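Every number in this text was worked out from the coordinates using simple rules, so none of it is lab data. Every value quoted in this text rests on a predicted model; they were computed, and no experiment measured them. Using ideal geometry, Cβ is built from the backbone for each residue, glycine included, and neighbour counts are taken over all protein chains shown.
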């Protein structure tokens with residue numbers, strides 16, 4: 001019986017103007033999306049080229065310094081670590097332009113001092129730290145919504161509304177509702193039939209358009225997919241289905257709740273605008289004020305103040321005056337005492353810089369995550385985050401990258417220390433050049449950075465979307481059961 | 001006249017009594033209020049960081065004692081009208097540090113120590129959330145309401161059969177169209193008015209927003225443009241209502257048009273231009289290379305001049321008291337910073353035992369060299385500005401494409417009126433360049449380049465009490481109008497065109 005109603009609905013829908021319009025709009029949007037992302041500038045191919053260049057550069061960098069000796073490599077660091085470009089930005093752009101493409105783990109600069117009297121001249125390389133450069137610092141371009149799959153998903157919510165706003169209110173007005181109910185069908189079956197009818201009519205053009213989109217991208221050859229990508233895309237289609245289903249239920253709810261189709265549409269439209277645009281963005285702006293974090297300048301100031309204290313304590317540049325410098329002797333392999341002092345100084349310096357760099361970006365991440373958690377009240381926002389999660393774009397993709405870069409930082413340091421243990425001539429004092437092994441290392445033995453992608457974070461969002469579905473199904477059901485037929 | 005009034009009244013009453021009016025009214029009011037709340041908060045934050053930046057710059061000014069190392073700053077003052085339309089307020093640099101040898105430029109890749117920097121920003125990642133302001137709410141919500149009021153004005157009455165009744169009276173058809181338009185607008189008018197008043201009240205209730213008469217007049221202008229915008233949508237709805245047979249068709253059609261014009265079109269235009277930029281010549285790195293060449297030219301020209309004066313190098317131009325010549329090398333120190341890849345060339349001089357030195361010729365040479373350096377910095381600026389100019393041209397192209405939709409025309413108009421659009425940001429950068437020129441003029445007037453105080457304070461510190469201060473300019477109403485008039489004109493043209501089409505279509509309307 002449900003399917004009978006559903007088929008009736010589908011036949012009816014197929015002949016409507018809205019279906020015709022969707023049939024035009026959806027393919028146009030998806031084709032536009034595929035062209036923009038597979039042929040446009042700064043596309044995936046260009047990103048892969050840059051990435052490969054950076055990887056080669058990085059390998060050369062490690063090779064150069066590994067040959068110069070373990071100590072050199074230990075202080076210069078493993079170089080600039082590029083983030084793997086993502087082929088699936090066309091699905092979820094995730095504010096791609098804001099996301100930095102690499103982190104820095106190298107320091108090529110030298111510092112030095114001229115010696116006099118007791119104060120020995122010395123040149124040193126301050127140890128590297130993990131730095132997080134910002135992408136697009138002075139970009140004056142105002143952030144806009146991108147025409148990615150997520151955006152089309154938002155529009156799908158709108159289309160779902162257009163298919164359901166009068167599903168019950170309209171029949172009620174025409175009087176056909178009481179006719180249908182005079183048959184031996186339960187109300188639940190009618191609702192489900194109508195739901196299936198709308199859902200199928202929406203999903204069919206969507207899936208066709210997606211196939212066209214993928215075909216164009218595939219034929220263009222600019223974005224090659226691995227089998228794993230196809231799986232993720234399949235997951236995204238599932239997310240589309242969940243979102244469309246939510247809005248179909250929502251439409252049925254308002255349609256049965258409100259006597260007049262127009263009133264139902266007004267409610268739905270405003271709900272949609274709220275869920276899609278107003279709500280997520282307002283919370284995004286608001287969280288910055290709700291949970292304020294110090295500005296970049298302030299963090300820098302604090303860092304300078306603490307480093308200043310450190311410099312006052314050790315006085316690496318200044319041996320004159322009443323207070324003698326702790327570092328008046330230069331570090332050397334013959335003087336383990338002085339080398340240890342330098343190591344203490346460097347360790348503290350690295351620790352301070354790392355604390356500020358890591359701390360600040362963690363604060364930023366927490367702020368964004370808080371905003372995201374709050375905005376998940378909107379199913380559209382949840383859908384967006386799930387899409388970004390599957391595509392591994394957006395802030396979560398970057399956070400994964402940062403987490404792995406930090407792990408790699410530790411791996412690299414551990415490697416240096418273990419290698420150093422193998423050299424009996426070394427003083428084993430990290431991180432001073434004179435305290436470490438001077439013999440070259442095999443460049444191939446140096447650990448390389450590899451990025452692994454995890455999709456577990458998506459599960460929460462999928463669960464939320466399923467819950468939204470259940471919730472809206474129940475309220476639609478209740479509201480229809482309680483509604484009047486006339 | 002009374003018949004027209006009758007039609008207006010009837011339309012007005014039939015609109016106002018509907019549920020959609022009440023819901024629309026409440027939602028518009030609520031979302032405007034929330035948006036203003038958030039934007040006021042945001043503005044307060046911007047203002048606080050601006051004030052902090054100005055405050056911190058003050059003691060720094062006191063420390064300058066030599067002419068060559070003054071670094072005055074131009075701070076971008078947050079615009080209180082950003083509460084209504086945030087526009088580009090949160091984007092781009094807000095502090096430009098003027099250094100005589102450093103061009104003012106903006107490149108997309110970080111070079112370190114940029115002249116134009118963004119201060120007070122705490123989290124660049126929050127920019128991934130779309131910013132919403134009153135104008136955005138109006139752009140989306142008011143347009144939807146206007147459409148929902150208009151869609152059944154004609155086709156609905158036709159379906160109900162009341163249209164025949166109305167037309168069988170002695171009321172001329174043009175009166176009916178005009179009456180329906182005015183009646184619809186009359187019912188939308190209070191929504192726009194009260195939403196804006198509420199917005200204004202919330203904005204004024206914040207202790208930091210100081211609105212003067214000028215700002216209020218801008219808000220009034222924004223109100224007028226918003227009405228014009230709403231009217232465009234109402235007329236479009238009316239036209240569709242005349243063109244289609246049933247209100248259901250009108251509704252679906254107008255909803256599609258609405259979603260396309262307000263949401264899809266502008267995003268599509270922007271991203272297409274971003275991905276397929278019409279103006280694209282060289283990558284930024286190429287410009288940076290030519291900047292380095294210019295600085296090399298400067299060095300050559302400078303060295304030629306020094307040789308022409310008969311000295312091997314700058315330091316030979318200083319004559320020292322006899323008996324100290326052997327230590328000469330230690331007494332003259334040049335330090336320079338040749339910005340990354342040669343973007344700028346700052347040179348400073350430290351002379352030890354300066355009281356034993358006669359620097360008159362050295363000063364003369366500096367009097368030639370420093371203005372030359374500034375002239376070269378201007379040349380470099382011209383080169384380094386090219387990428388930004390290109391970006392601007394592309395953005396303008398995207399804007400032009402966006403203007404196909406009058407929803408974006410409205411957005412641009414309000415941005416221009418409020419002074420928060422990209423143009424205002426570019427003006428700030430221009431103003432900071434003008435400020436630099438004023439500083440140069442000031443130094444010329446003081447003969448600072450040939451003065452000993454350029455590099456040494458042994459004969460007293462530089463007198464910088466009357467150093468020009470950067471003045472932020474505020475747009476007067478007429479200036480705003482002159483910038484927004486094209487967009488206002490386009491909106492007006494749409495109104496006229498839509499009204500004429502609706503009018504003609506309705507006169508030829510076939511009741512059958």
Consider all pairwise Cα distances in segment B:63-214 and report the whole-number % of them above 29 Å. 51 percent
In Å³ and rounded to a whole number, note down the convex hull volume per residue for the Cα atoms of chain A. 166 Å³
Across peptide B:269-281, how many C-beta atoms of other chains are within 10 Å of each residue C-beta, on average? 4
Given Cα pairs under 8 Å that are at least 6 residues apart, what percent is the relative contact order of chain B? 25 percent
Just report the Cα centroid separation between segment B:28-73 and segment A:104-131, whole Å. 37 Å
Relative to a virtual label point 7 Å from the Cα of residue B:478 in the Cα→beta-carbon direction, which members of segment B:391-435 show backbone nitrogen distances below 20 Å? B:416-419
Could you tell me how far the Cα centroid of segment A:383-418 sits from the Cα centroid of segment A:210-234, in Å? 25 Å
Any idea what angle helix B:477-507 forms with the longest principal axis of chain B, computed on alpha-carbon atoms, 0 to 90 degrees, nearest 10? 20 degrees
Kirkwood Rh and Cα Rg combined as Rg over Rh, evaluated for segment A:374-463: 1.27
What is the Cα coordinate range of segment B:124-224 on the first, second and third principal axes, sorted by size from largest, in whole angstrom? 60, 35, 17
For segment B:1-97, alpha-carbon Rg over 2.2 N^0.38 Å: 1.98
Given C-alpha coordinates of segment B:353-512, what is the ratio Rg to Rh with the Kirkwood estimate of Rh? 1.30
Please state the shape class of chain B: rounded when a/c is under 1.5, otherwise prolate if a/b exceeds b/c and oblate if not, all from the C-alpha gyration tensor. prolate
Along the principal axes of its C-alpha atoms, what lengths does segment B:184-335 span, in descending order and rounded to whole Å? 103, 45, 22
For A:271, B:420, what ranking results if the residue with the fewest other Cβ atoms within 10 Å of its Cβ goes first? A:271, B:420
Mind pulling the angle between the C-alpha long axis of helix A:279-290 and the longest principal axis of chain A? Nearest 10 degrees, somewhere in 0 to 90. 30 degrees
Cα principal axis extents for segment A:157-310, largest first, Å: 85, 44, 23
Note the angle between two axes, namely the Cα long axis of helix B:213-243 and the longest principal axis of the Cα atoms of chain B, as a number of degrees from 0 to 90, rounded to the nearest 10. 40 degrees
Computed lengthening from residue A:455 to residue A:50, 0.36 nm per intervening residue step minus Cα-Cα distance: 143.3 nm
Packing-based exposure ordering (other Cβ within 10 Å, fewest first) of A:61, A:12: A:12, A:61
To one decimal place, what orientation-averaged projected area in nm² is obtained for the convex hull of the Cα set of the protein assembly as shown? 47.9 nm²
Compute the distance from the alpha-carbon center of segment A:422-449 to that of segment A:330-366, in whole Å. 18 Å
Once you keep just the Cα pairs under 8 angstrom separated by 6 or more residues, what percentage relative contact order results for segment A:62-129? 33 percent
Let me check I have the definition right: for segment A:34-177, take the eigenvalues of the Cα gyration tensor, multiply each by 5, take square roots. What are those semi-axes in whole Å, largest first? 56, 17, 12
Can you compute log10 of I(q)/I(0) for segment A:165-206 with the Debye formula, treating each Cα as one identical point scatterer, at q = 0.18, 0.31 Å⁻¹? -0.56, -1.08
May I ask you to sort A:125, B:55 by Cβ crowding, counting other Cβ atoms within 10 Å and putting the fewest first? B:55, A:125
In percent, what relative contact order does chain A have, based on Cα pairs under 8 Å that are 6 or more apart in sequence? 26 percent
